[in-house]
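The values are calculated or read from the model by the stated rules, or taken from the named source; none is laboratory data. Fair warning: this is a prediction, and the values are worked out from it, not measured in the lab. Methodologically, a virtual Cβ is constructed for each residue, glycine included, from the backbone with ideal geometry; neighbour enumeration extends over all protein chains shown.
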Amino acid sequence: TQYTEEINAFLTENAEELEQFRIRFLGTKGIIKDIFDEFKAVSPEEKRTLGKVLNEFKQLAENKYQSIKEQTATESVSKDKDMDLSLPGEGFEIGARHPLALVRREIVEIFNKLGFVVAEGPEIEDDWHNFSALNFPEEHPARDMQDTFFIKKGGEKGDIALRTHTSSVQVRMMEAGKPPFRAIMPGRVYRNEAISARAHCFFHQVEGLYVDENVSFADLKQTLFYFVQELYGEGTKVRFRPSYFPFTEPSAEMDISCTICKGAGCQLCKYSGWVEILGCGMVDPNVLENCGIDSKKYSGFAFGMGIERIANLKFEIKDLRLFSENDVRFLKQYKSSL
Ligand code: PHE
């Protein structure tokens, strides 16, 4: 009875005191164990009545222990965290798409409507795909047009380098299949240039290729004209200036009427009213032959544009470096363009 009273009176919020209690009564060397040991020596008649009392006593101690343990456990959660459930929650941010990804997607979608499929190629290229098949002759000054990051000089497939343009994907596509080809090829390209607001050692291009019977320069012009109307809005003017690329003949560069001043003259277009957006031309018959395509039967056009340049015009971004610095203040601005 002395112990029964003690157990009934026991109250604590302290985990250590509770543990003391457990050891004292319920432990392997505790009071209850002792009593049960003594109980073994008692006569059979006494065992019946005494056994019942002892079991009730043991149950009492156990129940007490359990109930205090549960209580302190729930109390410590609400006490420690000091939660105020009426406070407003902390908002979490949803990421924004990168402006280059937005522009790439827009370009791809426009060409999808014209039946162009998307194709990709490797960023580490061999000399053949990046230069030779594209009609850049060995030791020809045209190779100096692009400063190249070489990875390995003079391998089995010639020099290995980071591709300097996505035109290499044209070659891979034509080698792998049969005409007609109608594809658009977005990807990252690399050039050994000092990083500044207007140049970077890597940037992104979208290549276009259309090869079939009877493809003409008129098809090229109309395709690109449609593209520009879709991308920059109806009424955007285009003009073609003769140019040179080893892999197209004839070659041209295409300008559009400045999207900022609409041709009136501003800093972006250097008061000319025009901005260059891409290079293009009819695929050189040598290139078709290099890829195993009959240049008597097939003809085609190709074009290549820099995604950064297109994005600059759309978003008026003046410093190329912003695209790769991952400054959230910059990236966040395009969230609404999702
Ligand atoms: N590859 C050229 C460049 O990087 C662009 C281009 C592509 C020109 C296709 C003509 C045809 O400048």
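From the list T12, T28, which residue is surrounded by 10 or more Cβ atoms within 10 Å (Cβ to Cβ) and either of a type in the set (S, T, N, Q) or touching a residue at least 60 places away in the same chain (Cβ under 8 Å) (or both)?
Numbers: T28 fails: surrounded by 10 or more Cβ atoms within 10 Å (Cβ to Cβ).
After ruling out the rest, the residue left standing is T12.
Out of everything in segment 182-194 that is out of contact with any Phe, Trp or Tyr (no Cβ under 7 Å at 6 or more places or on another chain) and surrounded by 14 or more Cβ atoms within 10 Å (Cβ to Cβ), what residue ends up being farthest from I307 (Cα to Cα)? Step through it out loud before you land on a result.
Here is the first cut: in segment 182-194, the residues out of contact with any Phe, Trp or Tyr (no Cβ under 7 Å at 6 or more places or on another chain) are 185-187, 191, 193-194.
Now drop any that are not surrounded by 14 or more Cβ atoms within 10 Å (Cβ to Cβ), which leaves 185-187, 191, 193.
Numbers: M185: 12, P186: 9, G187: 9, R191: 15, E193: 17 Å.
Selected residue: E193.
Mind counting the residues in segment 202-225 that are part of a loop (DSSP other than H, G, I, E, B) and surrounded by 15 or more Cβ atoms within 10 Å (Cβ to Cβ)? Step through it out loud before you land on a result.
Of segment 202-225, the ones part of a loop (DSSP other than H, G, I, E, B) are 213-216.
In the following step, the residues that additionally are surrounded by 15 or more Cβ atoms within 10 Å (Cβ to Cβ) were identified as 215.
Here the count works out to 1.
Is there a residue in segment 149-158 that is in contact with an Asp or Glu (Cβ under 8 Å, 6 or more places away or on another chain) and either among the acidic types (D, E) or crowded, with 21+ Cβ neighbours inside 10 Å (or both)?
Scanning segment 149-158, I find no residue that is in contact with an Asp or Glu (Cβ under 8 Å, 6 or more places away or on another chain) and either among the acidic types (D, E) or crowded, with 21+ Cβ neighbours inside 10 Å (or both), so the answer is no.
Give all pairs with beta carbons closer than 6 Å in which a residue from segment 162-182 that is over 19 Å from L114 (Cβ atoms) and assigned to a loop (DSSP other than H, G, I, E, B) meets a residue that is away from the ligand (no atom under 13 Å from the Cβ) and modelled with pLDDT of 95 or more; count only pairs at least 6 apart in sequence or on separate chains.
Partner pairs satisfying both residue conditions: R163/E123.
Tell me, yes or no, whether segment 222-235 has at least one residue that is closer than 21 Å to L162 by Cβ and either more than 34 Å from the chain's Cα centre (by Cα) or within 13 Å of the ligand (Cβ to nearest atom) (or both). Step through it out loud before you land on a result.
Pass one, segment 222-235, residues closer than 21 Å to L162 by Cβ: none.
No: zero hits.
Are there any pairs, at least 6 apart or on different chains, whose C-beta atoms fall under 9 Å, with the first in segment 42-64 and within 13 Å of R22 (Cα to Cα) and the second of a type in the set (K, R) and in a helix (DSSP H, G or I), and if so, which?
Hits for this filter: A61/R22.
When segment 309-338 is examined, which residues are found to be touching a helix residue (DSSP H, G or I) at 6+ places or on another chain (Cβ under 6 Å) and modelled with pLDDT under 85?
Passing the criteria: only S337.
How about segment 242-267: which of its residues are touching a residue at least 24 places away in the same chain (Cβ under 8 Å), surrounded by fewer than 19 Cβ atoms within 10 Å (Cβ to Cβ) and more than 11 Å from the ligand (Cβ to nearest atom)?
Within segment 242-267, I260, G263 qualify.
Could you grab me the full set of residues in segment 175-187 that are hydrophobic (A, V, I, L, M, F, W, C) and within 13 Å of the ligand (Cβ to nearest atom)? Give the steps one after another, and end with the answer.
To start, the set of residues in segment 175-187 that are hydrophobic (A, V, I, L, M, F, W, C) comprises 176, 181, 183-185.
Passing the criteria: A183, I184, M185.
Within the set of pairs 6+ apart or on separate chains, which have a first residue in segment 195-224 that is touching a residue at least 12 places away in the same chain (Cβ under 8 Å) and closer than 15 Å to G115 by Cβ, a second that is assigned to a loop (DSSP other than H, G, I, E, B) and within 15 Å of the ligand (Cβ to nearest atom), and C-beta atoms under 7 Å apart?
G208/F116
Give me the residue from segment 275-328 that is among the small types (G, A, S) and either away from the ligand (no atom under 16 Å from the Cβ) or within 23 Å of the chain's Cα centre (by Cα) (or both) and, out of that set, surrounded by the most Cβ atoms within 10 Å (Cβ to Cβ).
Applying the first criterion (among the small types (G, A, S)) to segment 275-328 yields 279, 281, 292, 295, 299-300, 302, 304, 306, 311, 324.
Now narrow it down to the ones that are either away from the ligand (no atom under 16 Å from the Cβ) or within 23 Å of the chain's Cα centre (by Cα) (or both): 292, 295, 306, 311, 324.
Working: G292: 10, S295: 16, G306: 19, A311: 24, S324: 15.
Top of the filtered list is A311.
Which one of these does A197 not meet: (1) surrounded by fewer than 21 Cβ atoms within 10 Å (Cβ to Cβ); (2) assigned to a helix (DSSP H, G or I); (3) not charged (D, E, K, R)?
(2)
Inside segment 96-117, can you point out the residues that are outside any helix (DSSP H, G or I) and loosely packed, with under 13 Cβ neighbours inside 10 Å? Write out each step before concluding.
At the first step, the residues of segment 96-117 found to be outside any helix (DSSP H, G or I) are 96-98, 114-117.
Within segment 96-117, G115 is the sole residue that qualifies.
Give the number of residues within segment 150-174 that are more than 16 Å from the ligand (Cβ to nearest atom) and within 26 Å of the chain's Cα centre (by Cα). Full working, then the answer.
First, the residues of segment 150-174 that are more than 16 Å from the ligand (Cβ to nearest atom): 150-160.
Keeping just the survivors that are within 26 Å of the chain's Cα centre (by Cα) gives 151.
Adding up the residues that qualify gives 1.
Give segment 118-138 a look and list any residue that's assigned to a loop (DSSP other than H, G, I, E, B), more than 11 Å from R163 (Cβ to Cβ) and in contact (Cβ under 8 Å) with a residue 24 or more places away in the chain, or say none. Reasoning before the result, please.
Residues of segment 118-138 that are assigned to a loop (DSSP other than H, G, I, E, B), as a first pass: 119-123, 131, 135-138.
Imposing the further condition that a residue be more than 11 Å from R163 (Cβ to Cβ) reduces the set to 119-120, 135-138.
Those that are assigned to a loop (DSSP other than H, G, I, E, B), more than 11 Å from R163 (Cβ to Cβ) and in contact (Cβ under 8 Å) with a residue 24 or more places away in the chain: A119, E120, N135, F136, P137.
Which of the residues spanning segment 200-219 are touching a Leu at 6+ places or on another chain (Cβ under 7 Å) and either on the phi > 0 side of the Ramachandran plot or away from the ligand (no atom under 13 Å from the Cβ) (or both)?
Correct list: H200 only.
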